[in-house]
Amino acid sequence: MQLVVARIGRAHGIKGEVTVEVRTDEPELRLGPGAVLATDPASAGPLTIATGRVHSGRLLLRFEGVKDRTGAEALRNTLLIAEVDPEELPEDPDEYYDHQLMDLDVVTEDGTEIGRITEISHLPSQDLFIVERPDGTEIMIPFVEEIVSEIDLEEQRAVITPPPGLIDPDEAEIASARDAAPATSAAPSGEDAATSPGADGAAARDPHGAPEDGR
């Protein structure tokens, strides 16, 4: 099957290099020298990668036959497409290719249906599932261990344990109001007051958990 692995950006320098927006978790495999990639539009390719390097945090590629800035600029916004075996799995058992996750049903641990994964958004800090709910609305679910407890490819489902407010914003408002409610008894005086639950300086809990890179 064919997968989009990158989008060509603007030209870099005068020797034919281009910046690329990487859309794969394995750029060293998909975008290494010698790789032959189909393109969209098809008229721009196929393209063979001649060299690759990282500059200021961005991947720069140069393609065979593209030797100057004019040729590089002509490729701007072209999508690079790799041919991938649909049965191929990442080396890390905790990682998945986007095509494996697309269209999975999202359910809670008690079996409540949440929706269906329609898109994977790759952000610098973490990945997000874009989930379409039965009513047509969309929600974003961080792909982190604290929230996504199981990926079951055989059953075609992702099991989640959402914190309050992730699925239903009203739950977050109720929880927030409850936490902000004034105490019904007088606060203890002296040293105990500073260490009692809810005192100023208590650490706020992150409802989404610590973000993790990768999938």
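The values are calculated or read from the model by the stated rules, or taken from the named source; none is laboratory data. From a predicted model like this one, the values you see are computed outputs, not experimental measurements. Here Cβ is always computed from backbone atoms with ideal geometry, including for glycine, and neighbour counts include all displayed protein chains. Quick note on the areas: whole protein, heavy atoms, side chains included, nothing else; ligands and nucleic acids left out. Shrake-Rupley method; radii C 1.70, N 1.55, O 1.52, S 1.80 Å.
Since Thr48 meets every condition but one in (1) crowded, with 16+ Cβ neighbours inside 10 Å; (2) modelled with pLDDT of 95 or more, which condition does it not meet?
Looking at each condition in turn, Thr48 falls short on (1).
The conditions are (1) within 17 Å of Arg23 (Cα to Cα); (2) aliphatic (A, V, I, L, M); (3) in contact with a Lys or Arg (Cβ under 9 Å, 6 or more places away or on another chain), and Leu123 fails exactly one of them. Which is it?
Result: Leu123 passes all but (3).
If you take the residues in segment 121-166 that are farther than 15 Å from Thr108 by Cα, in a loop (DSSP other than H, G, I, E, B) and acidic (Asp, Glu), which one is least open to solvent (accessible area, probe 1.4 Å)?
Once the filter is applied, the top-ranked residue is Asp135.
Does Asp103 qualify as being more than 15 Å from the chain's Cα centre (by Cα), surrounded by fewer than 14 Cβ atoms within 10 Å (Cβ to Cβ), in a loop (DSSP other than H, G, I, E, B) and not hydrophobic (A, V, I, L, M, F, W, C)? So that I can check it myself, show each step before the final result.
Working: more than 15 Å from the chain's Cα centre (by Cα): yes; surrounded by fewer than 14 Cβ atoms within 10 Å (Cβ to Cβ): yes; in a loop (DSSP other than H, G, I, E, B): yes; not hydrophobic (A, V, I, L, M, F, W, C): yes.
Answer is yes for this residue.
Which residues, taken from segment 1-39, are at pLDDT below 90 and touching a strand residue (DSSP E or B) at 6+ places or on another chain (Cβ under 7 Å)? Steps first, answer last, please.
Residues of segment 1-39 that are at pLDDT below 90, as a first pass: 1-5, 22-30.
Correct list: Gln2, Leu3, Val4, Val5, Val22, Arg23, Thr24, Pro27, Arg30.
Yes/no per residue for (1) in contact with a Pro (Cβ under 8 Å, 6 or more places away or on another chain); (2) among the aliphatic types (A, V, I, L, M); (3) within 22 Å of Glu154 (Cα to Cα):
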| site | (1), (2), (3) |
| --- | --- |
| Asp68 | no, no, no |
| Asn77 | no, no, no |
| Glu88 | no, no, yes |
| Asp110 | no, no, yes |
| Ile120 | no, yes, yes |
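Show the residue pairs that are 6+ apart or on different chains and have beta-carbon atoms under 9 Å apart, the first residue being within segment 125-137 and under 15 Å from Tyr96 (Cβ atoms), the second being of a type in the set (Lys, Arg) and assigned to a loop (DSSP other than H, G, I, E, B).
Asp127/Arg215
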